[in-house]
Amino acid sequence: MRGAGNPLVRPLAKSRYHFSTGASVVRASRQEQIMKMSRRRLLGCLPAVALLAASPLAQAGATVDVRDFGAVGDGVTDDSAAIRNAAAALRSGKTLWFPKGSYRFAEQYPQSGAAVAINGLSDFAVDFEPGAELLMDNIDPEQGVGTSHAILITGASSRIMLRNITIRWAKQKSRSHGDGIRILGFPGDAGSKPPDWTGSKGTVHGVRIVNCSIESSPQAGVIFIGASDINVSKLVVKNTQGDGLHFHACRKGVIDNYTAINTGDDGLALVSYYTDGFSYDPTSDNFAFSNLGNWSIADFDITNVTVRGGHANGVRLAGANGVSITGLNISGVHTGAGVICDSSAPGVDTGWHYVAARGIELKQVDIENCDTGLQLLARPNTATDSRFTDFDVHVSDAVIRDCDNWSVRMESLTDQRTTGLRLDSATVVAQSDRDGKGGVSLENTHNVSIGNLSIQHTLPVVMFYANNSSSLELGTIHMTVTDSAQPRDASTPGLNIQNSTYTIGAIDVDRPGSPPDWTPIRLAKETATCNIGAAGSPATLGTVAVRPASIQRWITSC
């Protein structure tokens with residue numbers, strides 16, 4: 001951000017990128033020009049990605065080599081000054097190059113805020129040779145906190161390539177200060193400049209991060225704030241104290257093949273915050289909006305995400321406005337949900353506030369061994385405001401296994417009902433004997449649509465529960481209790497719906513070894529009328545099949 005200096009540049013024998021002398025970058029091959037990509041994968045055919053960011057085969061004319069500035073790269077020598085000076089020498093059309101080696105950055109609280117700080121520069125790359133790493137060794141030993149980011153890019157900047165970068169913190173303390181890669185721009189068309197914003201109103205756009213690894217950062221692995229036209233592929237983040245990969249107030253992103261391992265917060269966070277009017281918090285570098293808009297994590301196409309472990313949620317969507325995720329594989333998240341979409345209105349004690357996410361598509365979802373699988377959580381205040389209750393989330397092809405609390409949970413924390421979940425198909429396999437006991441739960445909801453739902457549980461627990469839920473549509477639900485050796489409990493129904501209105505196409509129940517006095521289905525009234533299927537009834541029920549035939553009574557109603 002504050003780094004500038006005299007360049008020391010030498011030509012490459014084999015150069016890596018080719019930059020034009022202007023603001024564009026020349027593609028290297030006709031093959032790349034004719035690559036078939038979807039509109040989103042090409043990011044709207046904008047120069048931000050179609051030029052530098054999408055040209056791994058392109059060639060360069062010159063490089064800024066950290067060794068030319070005195071860097072040793074032996075993992076012991078303090079290379080801080082050499083790294084800072086090399087970064088300050090970077091110019092448009094150049095590549096900051098780290099040859100093979102371990103480059104130790106030990107300077108605490110650097111004035112620029114990072115080991116590599118780049119401000120207001122376009123058409124550049126940072127590239128590591130295989131076997132090169134940036135070793136961050138600048139934890140404050142007295143305070144036990146991080147003292148800088150590894151790489152910091154601030155606007156206005158465009159057409160940026162970060163390639164083959166490996167960043168590792170030598171020591172890890174408590175969550176504090178220091179992201180692996182931090183990119184701070186400005187949500188350019190969000191309106192007038194907000195109070196407290198002193199940075200550039202120019203945007204950061206056209207950023208590509210390819211084949212990078214971040215480990216043990218005191219805060220996030222990679223964070224984007226106020227950036228657009230983003231492409232992230234083959235990123236691995238592990239053992240961070242904060243989020244793995246975080247997007248805030250961004251738009252137009254393509255993410256593919258991302259892996260988060262044991263992150264201190266969310267594995268993948270897509271968040272925009274709420275205030276009454278466009279605002280900026282200088283303490284946290286957070287922008288906030290009053291409504292969903294073009295910069296509310298809008299137009300993101302995400303594929304092939306893997307999350308292992310972590311200390312919050314696998315994926316979090318809050319205040320997002322148009323995100324498609326295909327191919328989620330999440331396991332071992334024991335302190336939160338595999339995927340959570342949540343809202344928080346002013347007056348709710350959550351620290352941050354955000355409106356309900358809309359335009360969310362989740363496909364090919366695989367969640368295993370988490371506290372909760374898929375969660376939609378509305379936190380409205382006492383005022384009626386649909387911004388905090390009305391989600392738009394469409395889920396298909398979900399498989400959720402061995403979640404302790406709930407596999408699927410949707411709820412509002414007040415009497416204002418939350419809406420907007422469409423679950424086309426889901427398979428749930430559970431064996432939990434605690435908390436919600438691993439099934440599916442709806443509380444204070446409206447207009448939830450579930451197509452084909454299969455729930456298999458080892459125990460005779462409530463596998464599907466709905467309370468205070470209106471206009472519930474459930475196509476087909478299959479419920480199976482697999483362990484016939486369990487105590488012959490006859491008191492707990494497998495499906496329990498109360499104080500709700502609903503339409504159910506078909507219910508299929510199988511409990512080998514069931515006691516004959518078990519009643520698997522309990523349907524309790526919301527109104528005085530409870531004759532299922534009769535005029536004025538709150539319920540419509542299609543076919544019911546229950547096995548074994550020895551079960552005497554299938555349904556308890558009213």
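Considering segment 271-294 alone, what residues qualify as being part of a loop (DSSP other than H, G, I, E, B) and either hydroxyl-bearing (Ser, Thr, Tyr) or crowded, with 24+ Cβ neighbours inside 10 Å (or both)?
Ser272, Thr275, Thr283, Ser284, Ser290
Summed over segment 315-356, residues that are surrounded by fewer than 24 Cβ atoms within 10 Å (Cβ to Cβ) and among the basic types (Lys, Arg) total 0. Scanning segment 357-373 for residues that are in contact with a Leu (Cβ under 8 Å, 6 or more places away or on another chain) and surrounded by fewer than 22 Cβ atoms within 10 Å (Cβ to Cβ) turns up Arg358, Gln364, Asp366. Close contacts from segment 324-351, counting a first residue that is assigned to a strand (DSSP E or B) and a second that is at pLDDT below 95 and charged (D, E, K, R), with Cβ to Cβ under 9 Å and a gap of 6+ residues or different chains, come to Ser324/Arg40.
When the residues of segment 432-445 are filtered to those that are surrounded by 17 or more Cβ atoms within 10 Å (Cβ to Cβ) and part of a loop (DSSP other than H, G, I, E, B), the one that is modelled with the highest pLDDT is Gly439.
Looking across segment 202-243, the residues that are of a type in the set (Gly, Ala, Ser), surrounded by fewer than 22 Cβ atoms within 10 Å (Cβ to Cβ) and under 23 Å from Ser158 (Cβ atoms) come down to Gly202, Ser233. Can you name the residue in segment 374-423 that is part of a strand (DSSP E or B) and aromatic (Phe, Trp, Tyr) and is also surrounded by the fewest Cβ atoms within 10 Å (Cβ to Cβ) among such residues? The qualifying residue surrounded by the fewest Cβ atoms within 10 Å (Cβ to Cβ) is Phe391. When we screen Ile477, Ile455 for residues that are touching a Gly at 6+ places or on another chain (Cβ under 7 Å) and under 20 Å from Cys403 (Cα atoms), the only hit is Ile455. Please verify whether Gly144 is of a type outside the set (Val, Ile, Thr), buried (at least 20 other Cβ atoms within 10 Å of the Cβ), out of contact with any helix residue (DSSP H, G or I) (no Cβ under 9 Å at 6 or more places or on another chain) and modelled with pLDDT under 95, treating the condition exactly as stated. It is false that Gly144 is of a type outside the set (Val, Ile, Thr), buried (at least 20 other Cβ atoms within 10 Å of the Cβ), out of contact with any helix residue (DSSP H, G or I) (no Cβ under 9 Å at 6 or more places or on another chain) and modelled with pLDDT under 95.
The values are calculated or read from the model by the stated rules, or taken from the named source; none is laboratory data. These figures come from a predicted structure and were not determined experimentally. Virtual Cβ from ideal backbone geometry, glycine too; neighbours counted across all protein chains shown.
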